[in-house]
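Quick note: the coordinates plus some simple rules give every number you see, no bench work behind them. On a predicted model such as this, the values are computed, not experimentally measured, just so you know. Here the Cβ positions follow ideal geometry from the backbone for every residue, glycine too, while neighbour counts run over all protein chains shown.
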Amino acid sequence: MQHLALNDHVLSVVKGNPLEEHSYDSSAGWSDFDAIHSPRQDPTANPLDNWTLNLVAFTGNGESEAKALRTMMKSHEIITITDGKGQKWGRFTLRNIKTSYTRIVEKGQAQIVKMTLTLKEYRQQDENPSKTV
């Protein structure tokens with residue numbers, strides 16, 4: 001994926017904050033009943049999907065990129081994710097951001113800032129249907 005948009009926040013090579021790697025985790029909803037004579041598996045609601053995005057930002061932009069994403073996370077925005085092909089991946093909540101600063105040069109400036117974003121699928125119905133997300 002060369003381009004990914006989290007609402008209006010764009011991750012791309014052109015902006016200097018490309019997606020380096022991502023992993024998407026889905027599980028089917030099953031409950032296990034481990035009885036001695038007749039174990040069973042019963043379907044339940046599907047758990048919410050998890051998505052981990054690994055970003056890398058280079059000289060100068062990395063620290064402002066991390067700050068912008070933290071602001072988005074702390075505002076509790078529901079995030080709609082769209083890729084460069086126009087495909088909607090769904091709605092998510094931004095749960096965690098881990099930032100590492102490497103290749104520190106003069107005045108403490110990091111040449112490379114790596115970020116790991118942890119997102120969780122959002123399936124809740126909006127309480128106010130007239131409000132667009």
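Expressed in nm to one decimal, what extension gain is obtained for the pair residue 52 and residue 30 from 0.36 nm per residue of sequence separation less their Cα-Cα distance?
On the way: separation 22, 0.36 × 22 = 7.92 nm, distance 2.32 nm.
Residue separation times 0.36 nm, minus the Cα-Cα distance, leaves 5.6 nm.
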Just rank 122, 24, fewest to most, by other beta-carbon atoms within 10 angstrom. 24, 122
Set 67/88; 74/98; 74/107; 88/114, cut-off 23 Å on Cα-Cα distance; pairs above it are 67/88; 74/107; 88/114
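Relative contact order, percent, of the chain when contacts are C-alpha pairs under 8 Å separated by at least 6 residues?
On the way: 263 pairs, mean separation 32.8, N = 133.
After rounding, I find 25 percent.
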Work out the charge dipole of the chain with +1 on the Cβ of Lys and Arg and -1 on the Cβ of Asp and Glu about the Cα centre, then indicate which of 89, 119, 66 is farthest towards its positive end. 66
Each label sits 7 Å from Cα toward the beta-carbon; between residue 42 and residue 116 the label points are separated, in nm, by 3.7
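Assigning unit charges at the beta carbon (Lys, Arg +1; Asp, Glu -1) and nothing else, what dipole magnitude in debye, to the nearest 20, does the chain show about its Cα centre? Before the final figure, lay out the partial values.
On the way: 16 positive and 16 negative charges, 94 e Å.
Dipole magnitude for the chain comes out near 460 debye.
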Using a simple spin-label model with points 7 Å from Cα along the Cα→Cβ vector, what separation in nm is obtained for residue 70 and residue 106? 2.6
Compute the acute angle (0 to 90°) between the alpha-carbon long axis of helix 61-74 and the principal axis of greatest extent of the alpha-carbon atoms of the chain; round to the nearest 10°. 40
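Most exposed first by the Cβ proxy, i.e. fewest other Cβ within 10 Å, how do 83, 42 rank?
Values: 83 15, 42 9.
In order of increasing Cβ crowding within 10 Å: 42, 83.
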Report the percentage of all Cα-Cα pairs in region 28-127 whose separation exceeds 16 Å, rounded to a whole percent. 69
